[in-house]
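The values are calculated or read from the model by the stated rules, or taken from the named source; none is laboratory data. All figures in this text were calculated on a predicted structure; none of them were measured in a lab. Cβ placement follows ideal geometry from the backbone for every residue including glycine, while neighbour counts extend to all protein chains displayed.
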Amino acid sequence: MLAEDRLKDSLHKKRLRRLDSVLLTLAVDCDKPKNGVRIRELARSAGLPEIQKWNLTDILNKAKPLAVKLPDGWILTSAGRDRVQSLEVIPSKKSPQAVKAATQLHSLLSNIKTQQTAAFVTEAIACFEAGYYRASVVLSWAGAISLLYDHVLNNCLAAFNAEARKRDAKWKDAKTNDDLARMKEADFLDLIAAPPLSIIGKNVKQELKNNCLELRNGCGHPSSLVIGETRVASHLETLILNVFQPFKSAP
């Protein structure tokens, strides 16, 4: 949400309350929890030495529900991220669509139960916010397909394997995500969109297959393809609306 080297400018852009200064400091690498020592260290390095005299514990306790304490330290909630954005001190050239896509992905992270899938999404967000657009496309697709694998494994694995054997007599029954990955992703989308599975609709399959997967292929292999923020934000929005939101809470 905020690069460490931009914290100084943000903290001193206008007069901030102590609470907002602390929240802004938590916005640095915002997916990483920070303890009191780290918060003070960041703020002092950004030209806020007076934080050393503040009752940080009291400020953070009063910050709820804008920030919560995890085993490794304090971290912003989605409400806290919104509060930081509302301060209008973070330099941003991103379009409203791009900001919305990143914010939505951040808010969905806590609902993704599989650690591997959550890791893909976390890295996709970080790459997008840092301007590494090709990497963001590749990682967000990996997260989306991983979420669909999870759904199959937990809800309809036997039916999936039965349909896979009908299409390919050499198919060996899948038991894990890695087993499912033996199937080409385009074929996987075709299978889960067709009866009797019908996990995704025909139009969703076409959008995922013809646009998102094609873009991932273009970004994931050596090529002269150049993409920008708007194209990636659209890609992320499609995955959010059609995969991450519908399947985020699947058991």
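Among all residue pairs at least 6 apart or on different chains, which show Cβ distances below 7 Å where the first residue, located in the stretch 120-145, is farther than 20 Å from F247 by Cβ and the second is charged (D, E, K, R)?
Every condition considered, the pairs that remain are Y133/E229.
Has the stretch 186-199 got at least one residue that is crowded, with 16+ Cβ neighbours inside 10 Å and among the β-branched types (V, I, T)?
Scanning the stretch 186-199, I find at least one residue that is crowded, with 16+ Cβ neighbours inside 10 Å and among the β-branched types (V, I, T), so the answer is yes.
Could you please give the count of residues in the stretch 169-223 that are among the hydroxyl-bearing types (S, T, Y) and under 19 Å from D150 (Cα atoms)?
2
Would you pick out the residues in the stretch 1-44 that are free of Cβ contacts under 8 Å to residues at least 12 places away in the same chain and over 28 Å from Q104 (Cα atoms)? Before you say what the answer is, go through the steps one by one.
So in the stretch 1-44, the residues free of Cβ contacts under 8 Å to residues at least 12 places away in the same chain come out as 5, 15, 17, 37, 41, 44.
Residues satisfying the conditions are R15, V37, E41, R44.
For a quick check of your reading: which helices (runs of 4 or more DSSP H) sit entirely within the stretch 79-178 and have at least 1 residues that are at pLDDT below 85? So that I can check it myself, show each step before the final result.
Details: elements: 96-109, 115-130, 133-155, 157-167.
Here the list reads 96-109, 115-130.
Could you run through the stretch 179-214 and say how many residues are closer than 19 Å to L241 by Cα and not in a helix (DSSP H, G or I)?
4
Scan the stretch 17-30 and give yes if some residue there is assigned to a loop (DSSP other than H, G, I, E, B) and either small (G, A, S) or over 22 Å from A126 (Cα atoms) (or both), otherwise no. Steps first, please.
To start, the set of residues in the stretch 17-30 that are assigned to a loop (DSSP other than H, G, I, E, B) comprises 17, 27, 29-30.
Imposing the further condition that a residue be either small (G, A, S) or over 22 Å from A126 (Cα atoms) (or both) reduces the set to 17, 27.
Scanning the stretch 17-30, I find at least one residue that is assigned to a loop (DSSP other than H, G, I, E, B) and either small (G, A, S) or over 22 Å from A126 (Cα atoms) (or both), so the answer is yes.
Residues E163, E129: which one is within 16 Å of L236 (Cβ to Cβ) and either surrounded by fewer than 18 Cβ atoms within 10 Å (Cβ to Cβ) or not hydrophobic (A, V, I, L, M, F, W, C) (or both)?
One residue alone meets the criteria, E129.
Right, R40: surrounded by 15 or more Cβ atoms within 10 Å (Cβ to Cβ) and among the charged types (D, E, K, R) or not?
On the way: surrounded by 15 or more Cβ atoms within 10 Å (Cβ to Cβ): yes; among the charged types (D, E, K, R): yes.
Yes: the conditions hold for R40.
Just checking, how many residues over the stretch 25-35 are crowded, with 21+ Cβ neighbours inside 10 Å and over 20 Å from the mean Cα position of the chain (by Cα)?
1
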